[in-house]
Amino acid sequence: MDRVNEIAKSKAIVIFTKSSDCMSHSIKTLFHDLGASPAVYEIDRDPRGRDLEMTLQRLGCKPTVPAVFIGGKFVGSVKDVLAAHLTGSLKDMLIEAKAIWF
């Protein structure tokens, strides 16, 4: 858990992904379209990626990727991010984390 928290707090937006996951690609594209530059951490390219995946599962990520953290706080997976985007709260979170400016 400590490693996930450390990575999550390293940038305003951190997305844990797998390199071949299409939903991970879609979430990365959403953030870029909103003007943000997320840090992307591909767990399938990390030698300890399986441990990270287990930690993300314990946080409630099902499926485990993409897992999004904004301002060091766990936002959730695809459905959580899209729900926040549809209500407008995603943009507010990004502004609060200083990931975008308006």
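Select from region 29-55 the residues that are within 11 Å of the chain's Cα centre (by Cα) and hydrophobic (A, V, I, L, M, F, W, C) and write down the one among them that is farthest from Phe16 (Cα to Cα). Per the stated criteria, the residue is Phe31.
When region 20-51 is filtered for residues that are closer than 17 Å to Cys61 by Cα and among the small types (Gly, Ala, Ser), the ones remaining, listed by number, are Ser24, Ser26, Gly49. If you go through region 50-74 and keep only what is without any contact (Cβ under 8 Å) to a residue 60 or more places away in the chain, in contact with a helix residue (DSSP H, G or I) (Cβ under 6 Å, 6 or more places away or on another chain) and within 18 Å of Lys9 (Cα to Cα), you end up with Leu52, Glu53, Thr55, Val65, Pro66, Ala67, Val68, Ile70. Residues in region 73-102 that are of a type outside the set (A, V, I, L, M, F, W, C) and more than 13 Å from the chain's Cα centre (by Cα): His85, Thr87, Gly88, Ser89, Lys91, Asp92, Glu96, Lys98. The set of residues from region 1-33 being in a loop (DSSP other than H, G, I, E, B) and touching a Lys or Arg at 6+ places or on another chain (Cβ under 7 Å) comprises Ala12, Ser19.
Taking each residue of region 1-26 that is under 17 Å from Asp51 (Cα atoms) and looking for partners that are among the polar types (S, T, N, Q) with beta-carbon atoms closer than 8 Å, six or more apart or interchain, yields Met1/Thr55; Arg3/Thr55; Val4/Thr55; Ile15/Ser24; Phe16/Thr64; Thr17/Ser24; Lys18/Ser24.
Values in this text are rule-based calculations from the coordinates and carry no lab data. Not measured: the values here are computed from a predicted model. With ideal geometry, Cβ positions are generated from the backbone for all residues, glycine too; neighbour counts draw on all protein chains shown.
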